[in-house]
Structures are given as structure tokens and as C-alpha cells.
Amino acid sequence: MLGLASAAGLMMLCWPLLVHGRDGAGGAVQPPFVFLLLLPVVVAVVLAELGEGGLDPRVLAVLGVLSAVNAVLRGISAGTAGVELVFFLLVLAGRVFGPGFGFVLGCTSLFASALMTAGVGPWLPYQMLASAWVGMGAGLLPRRVRGRPEIAMLAAYGVVASYLYGLLLNLQGWPLLTGVAVPGHTGNLSFDPTASLPANLGTFGRYTLLTSTGSFDTGRAITTAVAVVVLGPAVLTTLRRASRRSTVVGTVETSPSAAREVIS
């Protein structure tokens, strides 16, 4: 389910690059249609996790709490100069509760924060999708790594995820821009629907490098890495304690007379 959702989301972001000719690439997927696809996917992921025992009502309660906390953190940081406090908690929660939980938390966190900060717009579905991938990726990291190597791994992942998040959001809006010019750079950086895929990828690489990689994306990466290093050990311990208390593990002792279920 997560693989299908990710493949569909990636196609929604990339399809303008794959269509040649002005008649075929004059627009992009409209945000309402992205919502129509994304929200059922989120519900399907939750139902799939419930069916596999990955989410029980207590984990859903944790999901609600973390979504609210992330919404407040985003309202506080507001993304000024790339300072974003959303991603560190998203990375840590995805690490503890798994890729399905991280995917849903990425969607709900950005949706709730957009409602709180009046940040609803055509960019919101793509922000939700990219954040969902950040949480899902954290849940897919190697599980055996613990201690300081785990913190270093999560900090490094937070840096990579922060840059990829900025790149994906740039990819969403770039084909719609016309007459893109950056001070200090000669030449047009706009999407050309008649150009080949390598040519457009090259132009997009220069566009995202000059407009966000060295500014907003770097600020987001530094903020996430520092927050993971400073707050990560304590937050991981808290989340793992909550995870253990939210998970029911049953063993059945068999005897000639009866079976007794022990719940820990």
C-alpha cells in the first residue's frame, strides 16, 4: 500500500517532465485531484496498519497527540529562514512506530498545522505527501542500530530528508513558473515543455540549487540535525515507552486444564 501510494505521488510530481509538447504539458495535476487521491490513501494505510496489528486505539491516540504537537511546533517555527521544528519529531516518531505510522503522521501534521496557521493552499497536498515520505523513510531505517550511532544515523537522515523535501516541493511548483530569473545568473530557468528530459532536469537542478538549496533547505537541515542530536535521546526514550504501553503482546500458556493469556 505504501509503495503504491508513493509511486502514485511521485508520478503526480514528475509527470510534467515526462510530457513533451506545449499542448500536452500546459498545466499540472490540480491540487483538488491530489487531495482526492491522497486522503483515501491515508485512510487505506491506517486501515491496513490496523488490520496487521500495527496500530491499536492507543497508538491512534499517540498519533493524534503527535500531530497536534507537530502542528504547534510548525506554528512556532513558521519556516523562517528554513527553521522548521516539524521534521525532527516526524523523523523520531517514524523511527519508533514504523513506516506506516510515519507516513500518516506526515500527512496529518502538515494538514493540522495548515489549518492552524491558515496555510491552506494548492501547495498543501504536496507538502503532506513529501512529509509523509520523510516519516516513512525514518521507519525504514535499519532497526538494529541503537545508542549514539542511531542518533548520528537519524541526524544524517534528517539532513538528507530536509534537502529532498525542498527539492520535491520545488519540483511541484517549477513547471508552473514562467520567466524565472535569478540575480547573478544569466539565462532562463523556466520549465520548457518542448525540451528533452535531461535538459529540463539540468535546468531544474540549477533552479533549485540557486533558489532554495543554499538557503531554506540548509536552514531546515541544520535545524533538524541539531534538534535530533540535542533532543533525540530523550524523545526516543519517551516515544518507545509510549510504544511499549500502546502495544499488547499476548502469550498463551497451555495446560491440560486451561490456557491463560498473559498481557504485558
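The values are calculated or read from the model by the stated rules, or taken from the named source; none is laboratory data. Predicted model, so just to flag it, every value in this text is computed and none were measured. We place every Cβ from the backbone using ideal geometry, glycine too, and count neighbours over all the protein chains shown.
Is it true that some residue in segment 236-247 is over 24 Å from ALA152 (Cα atoms) and either surrounded by fewer than 13 Cβ atoms within 10 Å (Cβ to Cβ) or at pLDDT 85 or above (or both)?
Step one: of segment 236-247, the residues over 24 Å from ALA152 (Cα atoms) are 245-247.
Still in the running and either surrounded by fewer than 13 Cβ atoms within 10 Å (Cβ to Cβ) or at pLDDT 85 or above (or both): 245.
Yes, the conditions are met somewhere in segment 236-247.
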Note: among ALA195, ALA181, ALA161, just one is modelled with pLDDT of 90 or more and of a type in the set (A, V, I, L, M), namely ALA161
Expected output for segment 69-83 (first residue closer than 16 Å to ALA221 by Cβ and modelled with pLDDT under 75, partner surrounded by fewer than 15 Cβ atoms within 10 Å (Cβ to Cβ) and hydroxyl-bearing (Ser, Thr, Tyr), Cβ below 7 Å, 6+ apart or cross-chain) is GLY82/SER215
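With the structure loaded, tell me whether LEU115 is touching a helix residue (DSSP H, G or I) at 6+ places or on another chain (Cβ under 6 Å), farther than 30 Å from THR203 by Cα and part of a helix (DSSP H, G or I) or whether it fails that test. Steps first, please.
Details: touching a helix residue (DSSP H, G or I) at 6+ places or on another chain (Cβ under 6 Å): no; farther than 30 Å from THR203 by Cα: yes; part of a helix (DSSP H, G or I): yes.
Spelling it out, it is not the case that LEU115 is touching a helix residue (DSSP H, G or I) at 6+ places or on another chain (Cβ under 6 Å), farther than 30 Å from THR203 by Cα and part of a helix (DSSP H, G or I).
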